[in-house]
Amino acid sequence: MIISPRPGGGDPAGGSEMNDCIFCKIIAGKIPAKIVYEDEVAFSFEDINPQAPVHILVIPKKHIATVLDLNEGDHELLGHLFAVANNIARDKGIAARGFRIVTNCNPESGQTVYHIHFHLLGGRHMHWPPG
Ligand code: 5GP
Ligand code: ZN
């Protein structure tokens, strides 16, 4: 998948906006966010409640509720989201130090927004096991 950054934004590609989804509203520009990166299929912005010095969310523009809703047609998209997260980690200077990519799924994991997202966390020492 060859993706060119499109800082100017535009309509979400590859999926329709879900009216009640906060992340779809952020993608559509209806809710403000500190945008980190955007291209045709991916979107990234700073988490409103950061849990680390770097806490950035990387999401597909296509609305997918949980990782359980992914299908084979999304495999390339997922690889692209990892590439986006890696590039942001490098840009933010946390790649060599180390960072964490987290995706929560369903209530016991702590998922609160049902539009899949990678949390990109870094800039401090991470603990294991997670809480
Ligand atoms: P989850 O709990 O679903 O894994 O992660 C959802 C994340 O979205 C949380 O870290 C939360 O702080 C973030 N979040 C929720 N609402 C907003 C919002 O309106 N703007 C931004 N930038 N982040 C949000
Ligand atoms: Zn959505």
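The values are calculated or read from the model by the stated rules, or taken from the named source; none is laboratory data. These figures come from a predicted structure and were not determined experimentally. Neighbour counts run over all protein chains shown; Cβ positions are idealised from the backbone, glycine included.
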For Pro53, which of the numbered conditions (1) more than 13 Å from ligand 2 (Cβ to nearest atom); (2) crowded, with 18+ Cβ neighbours inside 10 Å; (3) of a type outside the set (D, E, K, R) fails to hold? (2)
Among the residues of region 32-74, write down those that are away from ligand 1 (no atom under 11 Å from the Cβ), within 19 Å of Gln111 (Cβ to Cβ), touching a residue at least 24 places away in the same chain (Cβ under 8 Å) and among the acidic types (Asp, Glu). Asp69
Matching residues in region 63-77 (of a type in the set (A, V, I, L, M, F, W, C) and not in a helix (DSSP H, G or I)) number 3
For Lys30, are the conditions met, namely being among the basic types (Lys, Arg) and surrounded by 14 or more Cβ atoms within 10 Å (Cβ to Cβ)? no
Tally the residues that are within 16 Å of ligand 2 (Cβ to nearest atom), in a loop (DSSP other than H, G, I, E, B) and touching a residue at least 12 places away in the same chain (Cβ under 8 Å), restricting the search to region 107-131. 6
Might you let me know whether region 81-103 holds any residue that is outside any helix (DSSP H, G or I), at pLDDT 95 or above and within 16 Å of ligand 2 (Cβ to nearest atom)? yes
All-but-one check, Asp47 against (1) surrounded by 18 or more Cβ atoms within 10 Å (Cβ to Cβ); (2) touching a strand residue (DSSP E or B) at 6+ places or on another chain (Cβ under 8 Å), failing number (1)
